[in-house]
Amino acid sequence: MNRNSKRTTATPLGKLGSGNVFADLGLPNPEEELLKAKLVSKIAEVIEKREITQVQAGEIMGLPQSKVSELCNGRTETYSFESLYRFLTRLGVGVSVVLEDQPDWSRGTIQIVEAPSHDSQHEFAPVWSPRR
């Protein structure tokens, strides 16, 4: 049996992924890798929205430009979640971690929830949530 067979669904047109490319590829710790990818994506988005250079972003985050470039190109292996959270807060993005006991003590999930813009009055909506 293929190691990816449980993560994908066969269709007449091909296979549908699980929603996590890291899991589909059979990489170790796919939920953590996807979380890091989402955090780095937000870092790159903020740099673009603020219209700052990687040099300026690096000064804000406390990194040389070359490390900002690596981050924006998805190189996350040397960074912890805490480091990525710290970079986001330095760039002006609030980060919240919510701990929630599961009623039946089943395995918990990790998800990223992006807050609505300040002019929006909608509830928070999950941006990403891994499949179990």
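Quick notes on this one:
- Ranked by how many other beta carbons lie within 10 Å on average, peptides 42-49, 96-103 from highest: 42-49, 96-103
- Equivalent-ellipsoid semi-axes of region 36-103, from the Cα gyration tensor, Å, largest first: 23, 13, 10
- Contour excess over end-to-end distance, with Cα ends at Ala44 and Ser96 and 0.36 nm allotted per residue: 16.8 nm
Taken together, the values in this text are just the output of simple stated rules run on the coordinates, not laboratory data. Computed from a predicted model, the values in this text were never measured in an experiment. Methodologically, a virtual Cβ is constructed for each residue, glycine included, from the backbone with ideal geometry; neighbour enumeration extends over all protein chains shown.
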